[in-house]
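Everything below concerns the one structure shown next.
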């Protein structure tokens with residue numbers, strides 16, 4: 001009987017943990033709508049605060065931002081920076097934070113023929129998305145804010 | 001006044017002429033984006049790893065079907081009776097099936113009709129090997145697809161797919177291969193995306209890759225749901241791609257990264 005009770009308790013806690021995991025994962029990938037004002041998004045995405053140090057890691061990470069695929073950046077430890085996009089040295093002094101936010105979130109709103117994916121684009125605007133990624137932006141709001149914070153340090 | 005009118009028409013025509021010349025830009029095979037050592041490897045039949053598939057295809061080509069005939073019965077030993085120009089002009093419209101036939105479909109149809117074989121699954125290893133062999137025979141022949149009235153809807157469909165954005169990354173073929181050829185994505189150089197080397201050997205995966213399988217991989221990389229191999233969408237896209245590369249020499253089996 002005691003064993004059974006323990007098992008029961010275990011199962012309950014396990015299910016609770018798994019539920020909480022699922023719900024956090026869900027909220028992480030949630031899309032918070034944004035609005036543009038004069039080619040800029042002035043409010044932080046989802047109200048999150050960015051962290052430049054984490055942003056630098058996301059910029060390098062091939063499964064997240066992978067910005068280096070197209071842009072050269074002041075990250076000397078990584079080899080083979082891409083040449084498709086403009087170099088991002090000093091981008092923080094060329095654009096305001098709001099302008100960078102729109103360009104990270106959805107560059108197509110600025111340049112419709114761009115090759116750059118919208119990293120926080122409204123998922124409803126995408127076409128024929130793979131099941132695994134359906135309804136999700138490429139980065140979540142926190143990660144996108146981290147990237148923006150990092151780009152603002154490039155003066 | 002008459003001279004004036006002529007001048008104005010000329011002035012109106014000038015930008016159109018320029019636009020035309022910009023649209024008909026130099027075609028560059030993927031070969032031109034390779035490093036010198038890889039080019040050498042592709043041209044040397046002993047060093048080219050794709051030749052294994054050619055040899056396998058040659059064996060399949062001379063293998064007796066259910067009724068003891070082989071492909072060579074009609075097409076001659078080592079394909080000596082092939083019209084190489086015709087191989088370079090696939091996909092061709094098939095009146096009986098009322099759709100474009102890619103080279104693979106033609107091979108599959110022949111096997112079923114004349115050798116009584118069970119048809120292959122589209123894009124399976126054996127079929128790609130036979131396709132590799134047949135295209136290898138036409139190596140150097142210039143791609144020459146003609147769009148007939150019947151092919152036009154398929155061509156339009158392929159063109160539309162080529163220019164449509166797909167997936168979470170929201171990318172289309174034209175966005176990369178028309179605007180940024182020659183630029184680098186990390187270590188990889190973007191080519192113009194021509195189809196003249198397919199089926200080809202990829203150094204990255206170490207495998208023979210058909211055109212449809214390569215497009216599927218592209219779709220996966222921009223996180224889109226791929227069209228299935230041999231689907232009408234991919235066949236239309238294949239038609240458009242071959243037409244887009246009209247005039248480039250067939251390089252099968254090419255080597256790419």
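The values are calculated or read from the model by the stated rules, or taken from the named source; none is laboratory data. The structure presented is a predicted model; accordingly, all values stated were derived computationally and were not measured. Virtual Cβ from ideal backbone geometry, glycine too; neighbours counted across all protein chains shown.
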**Q.** Unique residue being in a helix (DSSP H, G or I), surrounded by 21 or more Cβ atoms within 10 Å (Cβ to Cβ), away from chain B (no Cβ under 12 Å) and in contact (Cβ under 8 Å) with a residue 60 or more places away in the chain when the list is A:98, A:55
**A.** A:55
Q. Does segment A:112-137 hold any residues that are closer than 26 Å to residue B:180 by Cα, part of a loop (DSSP other than H, G, I, E, B), under 16 Å from the mean Cα position of the chain (by Cα) and in contact (Cβ under 8 Å) with a residue 24 or more places away in the chain, and which are they?
A. A:116, A:119, A:120, A:122, A:137
Q: For residue A:87, indicate whether it is touching a residue at least 12 places away in the same chain (Cβ under 8 Å), away from every other protein chain (no Cβ under 11 Å) and surrounded by fewer than 15 Cβ atoms within 10 Å (Cβ to Cβ).
A: yes
Q) Looking at this structure, is residue A:107 within 14 Å of chain B (Cβ to nearest Cβ), part of a helix (DSSP H, G or I) and closer than 19 Å to residue A:42 by Cα? A) yes
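A quick yes/no check of all residues on (1) over 15 Å from residue B:251 (Cα atoms); (2) at pLDDT 95 or above; (3) surrounded by fewer than 18 Cβ atoms within 10 Å (Cβ to Cβ):
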position: B:74; (1), (2), (3): yes, no, yes
position: B:79; (1), (2), (3): yes, no, no
position: B:140; (1), (2), (3): no, no, yes
position: B:148; (1), (2), (3): yes, no, yes
position: B:155; (1), (2), (3): yes, yes, no
(Q) Only one of B:99, B:95 is closer than 30 Å to residue B:58 by Cα, modelled with pLDDT under 95 and under 20 Å from the mean Cα position of the chain (by Cα). Can you tell me which? (A) B:99
Q. Can you tell which of A:140, A:122 is within 25 Å of residue A:47 (Cβ to Cβ), surrounded by fewer than 19 Cβ atoms within 10 Å (Cβ to Cβ) and modelled with pLDDT under 95?
A. A:122
Q: At least 1 residues that are touching a strand residue (DSSP E or B) at 6+ places or on another chain (Cβ under 6 Å) and away from every other protein chain (no Cβ under 13 Å) in each: list the helices (runs of 4 or more DSSP H) lying fully within segment B:147-223 that qualify.
A: B:152-162
Q: Could you list all residues from segment B:55-69 that are over 26 Å from the mean Cα position of the chain (by Cα) and surrounded by 17 or more Cβ atoms within 10 Å (Cβ to Cβ)?
A: B:65
